[in-house]
Each structure stands twice: as structure tokens, then as C-alpha cells.
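Encoded as C-alpha cells, the structure appears first; notes follow it.
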Amino acid sequence: MTISTKPMTTTRFVVEVEGIDLSKPVDGATVAALRKEINEHSILVFRGQSIDNDQHVAFSRNFGDLEIHTVKQYLLPDYPEIIALANRGENGTTPIDNGGAYWHTDISYKAKPPMGSLLYSLEVPPEGGDTMFADMYAAYDALDDDMKARIDDLRAVHGYEARFTKMGEGGKRPKLSAEQLAEVPDVSHPVVRINPETGRKALYVNEGFTLSIEGLPMDESRDLLDTLNAHAMQPDFVYSHHWRVGDLVFWDNRAVMHCATGYDTSYARTMHRTTIQGDMPI
Ligand code: OGA
Ligand code: MN
């Protein structure tokens, strides 16, 4: 298999990968090439794919073990590795119509947050429902030297409960059970995250799950987080993906924050996500 890539942004942030059929097993050399691509580019877009759940899981497993999400009512009954972001639900899963509609990095609230996510689109609305991605390497690089010096050794606390509760306002989500809460205690991560394979530094806070900066008074912590989040969301660093049916987007959670956008929910939107386990951030 010979893959080729085509830039989708003027920066190195996003590339389309061509010459690969994800329904077929992928050989080791191609997996290695894709690993190199994702370290280099952070987002790989594969278009015109037609894969079933087994194929989605099999392709994802090339990059590591898969995460099983804490909230089981979102998981496909026969495929716990697949979280269904389906506004009509699917096979009895709880419908999600506002999932991820805030800037976040998937599951950053775990001690070992997932390295990557692979989102595949099965049904999309005619307009809207795009997913925005922010380039956290570029965001870090663009900070001035004073800010870099200020944040380089800071750590931040990440948690799930506050966000889950907020997204469930108005009875949209049940409360997390004691057992679920025990799976997601607050954790602390560096504010500047280094990709161990390339040495590149990324800003590693997000609006969704980052609660506070360790060691700072609450108001100062809030101000700094707001400043960093607002900085990273600037259009210069953001790529917005307009979904077609059959797109699979593989992003690097170590280097990207993302946010779902609105659409007319009278249309079906059905997406499947697998999530690759990752390492302790450094
Ligand atoms: C996700 C996510 C956003 C979207 O799959 O992790 O945040 O647009 N999705 O569905
Ligand atoms: Mn997400």
C-alpha cells in the first residue's frame, strides 16, 4: 500500500491521506508511515471510506489498545470500543446531540489520557455539524516568551464530573454513579505537554475539563486558563472539518483540542468514535 498526503491547511496541521482503504488490513510499514504522519501533522483525514464496526476497531487497534468510555450508555452494545455520537441513538444507546459542543481534549481527565481519536461519519446533516480543531503546537509556539516562561513548569487539574453535570442540565444526562465517579478522580497534567517522539511542545489545557492551575489563587488560575483557552481558539490555529459521509478523521489528542458545532437536529447525525489509549503526559 502506498499512501500519499495532501495538505488541508496552509500550516502543517491537517492532511488528507489518500491511497488507503480502511476496510482492508493495513500492513506494518503503512502503520509506521501513518504514525509518522500523525506526529508531524496532528490530524489525518481519510475520505470516501466505507467501514463496518469490526473494520473501524481493527484499524484503530494498529495504534494501540482502545479506551472503553466510562459512560456505558453511549457505547454500541456489541462494540464497547465504539462510542456512538448519534443524535437518534443507535441500538439503544443514549442519544447525543450536543456531545463535544465545547472546546475539549478527549478524556484529558484521566491520568493516562488517550493518544488519539478516530471519528467516522455515517450520517451527517446537510449543513453545520462541523467539528473545529485547534492546533495546540502552533498555539504554544505563538505565545510570547514571558508567557512561555510563566507556564512552562505549571501543572493543571483536569476533571470530568463538573463538565458532565453541566452538559446534563435540564435532565439531559443522569448523574454519574459512585462507581463511575471512582473511575474519574481529578488528575493533574503539565500545562505544556511534550510529544516524547518529536520533542515538540503543545499547550495542554482545554475549556472542557481543565479546572484550575495548581498552586495559583482561584481568580488568577481562572484568568490564566481563560487567556490560554481564548488564545488557542483564535482562527489562525483552528481548522473546521466539514463532514461528508464516509470521512474518518484521526486526531492526536496530545496536540489538538476540538469542539463540535451546531446543526439542525431534525436531521440525523451519526458518528462513531474509537479512542486510542495513551501515555502519562510529560
Ligand atoms: C468526539 C467529539 C465532536 C463532533 O467525537 O470526541 O468531540 O463534532 N465529537 O461530533
Ligand atoms: Mn471529543
Taking the condition of being more than 10 Å from ligand 1 (Cβ to nearest atom), in contact with a Gly (Cβ under 8 Å, 6 or more places away or on another chain) and either hydroxyl-bearing (S, T, Y) or open to solvent by 20 Å² or more (accessible area, probe 1.4 Å) (or both), how many residues in the stretch 104-119 meet it?
4
Among all residue pairs at least 6 apart or on different chains, which show Cβ distances below 7 Å where the first residue, located in the stretch 118-134, is closer than 23 Å to S60 by Cβ and the second is of a type in the set (D, E) and assigned to a loop (DSSP other than H, G, I, E, B)?
S121/D247
If you check E169 against the conditions, is it in a loop (DSSP other than H, G, I, E, B), open to solvent by 50 Å² or more (accessible area, probe 1.4 Å), closer than 24 Å to Y74 by Cβ and of a type outside the set (A, V, I, L, M)?
yes
Kindly provide the set of residues from the stretch 28-45 that are of a type in the set (V, I, T) and either in a helix (DSSP H, G or I) or modelled with pLDDT under 95 (or both), ordered by number.
T30, V31, I38
Among the residues of the stretch 109-146, write down those that are of a type in the set (A, V, I, L, M) and in contact with a helix residue (DSSP H, G or I) (Cβ under 8 Å, 6 or more places away or on another chain).
L118, A134, M136, A138, A139, A142, L143
Inside the stretch 75-92, can you point out the residues that are within 16 Å of ligand 2 (Cβ to nearest atom), farther than 30 Å from A230 by Cα and open to solvent by 10 Å² or more (accessible area, probe 1.4 Å)?
L75, E81
Right, A178: among the aliphatic types (A, V, I, L, M), modelled with pLDDT under 95 and surrounded by fewer than 20 Cβ atoms within 10 Å (Cβ to Cβ) or not?
yes
Across the stretch 239-282, which residue is surrounded by the fewest Cβ atoms within 10 Å (Cβ to Cβ) among those that are within 12 Å of ligand 2 (Cβ to nearest atom) and farther than 18 Å from M115 by Cβ?
C259
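The values are calculated or read from the model by the stated rules, or taken from the named source; none is laboratory data. Computed from a predicted model, the values in this text were never measured in an experiment. Backbone-built Cβ (ideal geometry, glycine too); neighbour counts: all protein chains shown. Heads up: the accessible areas ignore ligands, DNA and RNA and are worked out on the full protein's heavy atoms, side chains in. Shrake-Rupley method; radii C 1.70, N 1.55, O 1.52, S 1.80 Å.
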